[in-house]
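What follows is one structure encoded as structure tokens, with my remarks underneath.
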Amino acid sequence: MRIAFVSMETTRQADTVGARRFERIARLLDARGHEVTLFCQQWWDGESDEFEDDGLTHRAVTLGSSSSFALRLPTQLLRYRPDIIHVRATPPGQVMAALTASKLGRIPLVLEWAGDEMLDSSDRFLTTAVKRPTRVITPSELIRTEVRELGADGNRTIVIPESIDWSVLEAVSPKENGEIVYAHRLDETANLGDLLLGLAELRTRDWSATIIGDGPLREEYEQETADLRIDDRVEFVGEIDREERVSIYQGAHVFAQTARREEFPTELLWALACGCLGVVEYQAESSAHELIENYDRSFRVTNPQQIADAIAASGEYERRESDERWSEFTHGEVIQQYVSMYQKLLDERGMF
């Protein structure tokens, strides 16, 4: 298939969760032999309107503003003659422009809505943009609900989760950093305090914990561990790469998920795949509880005392360094869901 991906800004300009997800999907499809081009603002030097970055072809629509990008995009898409147009939700103007090309060329339009977009729900372009694509893809039921509340047709929305590279699990060795591990950016959504309070309830037990991530609230959380007199057993390791994270997960026994906002709990998924037990605190704006809904090596909790109780109970479970249950979330398995969706859309239009 020939697939046009549309994102005015790439990870080179705004390295967000949604941008990384979008480009990862494009690269995985390209690696499977599909013809994929990402239409974007030019961010590279030189006069060429195409640039290959890490195996993915980028095509410059414009050097200018979002308005000029939206004006030029339909013509470029129609010249490319894709089988599918796949567009990010932000800015809404690029979705409207992609819709124009979709209608003129009778090309199925897929909207990728990651959930981390900073958008104004009163924007009429946004509400129009979310109603008219052929399909809207979200990473979780939480985000699917948010999109439907903006006006998306429930019959046109699909959940396709994040994916992981299983080969990383097979390539690293367990690192004995701590029995309990937590990973999230240490910002206003981290809610690490609930885990620290739970750990403080377990002072008389033998445990150690590793906190992965950095952010504006790191010093506050480090001070809180000192105030709770557990700083000798809690290590803050900051921002580390994927291989080191996986190594720590494989050496741990429990992954604690307490963040208030998770569009998709990617670190929890990695930890579960590495054999960790999941202790997940329910949060209204987090999809983490969805992941463990039918998983017996997990605990769903609502407060610090229950976190403490769950960690105490985790000793009854065997230790693992991987869990094949989560192999359905590998890159290959998840990208096949996109391919199957594309094929169905083309079948419906008599084009495949």
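The values are calculated or read from the model by the stated rules, or taken from the named source; none is laboratory data. This structure is a prediction, so every number in the text was calculated from the model and none was measured. Backbone-built Cβ (ideal geometry, glycine too); neighbour counts: all protein chains shown.
A compact table of results
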read-out	value
Residue in the range 271-286 that is in a loop (DSSP other than H, G, I, E, B), within 18 Å of the chain's Cα centre (by Cα) and under 17 Å from residue 191 (Cβ atoms) present	yes
Set 154, 93, 105: member being free of Cβ contacts under 8 Å to residues at least 12 places away in the same chain and more than 23 Å from residue 260 (Cα to Cα)	154
Single unsatisfied condition, residue 56 versus (1) over 22 Å from the mean Cα position of the chain (by Cα); (2) farther than 21 Å from residue 130 by Cβ; (3) of a type in the set (A, V, I, L, M)	(1)
Boolean, residue 291 is among the hydrophobic types (A, V, I, L, M, F, W, C), surrounded by 22 or more Cβ atoms within 10 Å (Cβ to Cβ) and touching a Pro at 6+ places or on another chain (Cβ under 7 Å)	yes
Some residue of the range 190-208 being in a strand (DSSP E or B) and free of Cβ contacts under 8 Å to residues at least 60 places away in the same chain	no
Members of the range 166-196 found to be surrounded by fewer than 16 Cβ atoms within 10 Å (Cβ to Cβ) and closer than 21 Å to residue 326 by Cβ, listed by number	167, 170, 171, 173
Residue list for the range 119-159, filter: touching a Ser or Thr at 6+ places or on another chain (Cβ under 6 Å), at pLDDT 95 or above and not charged (D, E, K, R)	136, 140, 142, 159
Helices (runs of 4 or more DSSP H) (entirely within the range 89-189) containing at least 3 residues that are acidic (Asp, Glu)	141-149
Qualifying residue in the range 121-137 (condition: acidic (Asp, Glu) and touching a strand residue (DSSP E or B) at 6+ places or on another chain (Cβ under 9 Å))	no
Members of the range 307-348 found to be within 19 Å of the chain's Cα centre (by Cα) and either closer than 21 Å to residue 271 by Cβ or small (Gly, Ala, Ser) (or both), listed by number	326, 327, 328, 329, 330, 331, 332, 333, 334
Every residue from the range 51-88 that is touching a residue at least 12 places away in the same chain (Cβ under 8 Å), in a strand (DSSP E or B) and over 19 Å from residue 338 (Cβ atoms)	53, 58, 59, 60, 61, 62
Pairs where the first residue, in the range 304-319, is part of a loop (DSSP other than H, G, I, E, B) and the second is modelled with pLDDT of 95 or more, C-beta under 6 Å, 6+ apart	317/277; 319/253
Qualifying residues in the range 211-234 (those that are of a type in the set (Gly, Ala, Ser) and in contact with a Leu (Cβ under 9 Å, 6 or more places away or on another chain)) - the one surrounded by the fewest Cβ atoms within 10 Å (Cβ to Cβ)	215
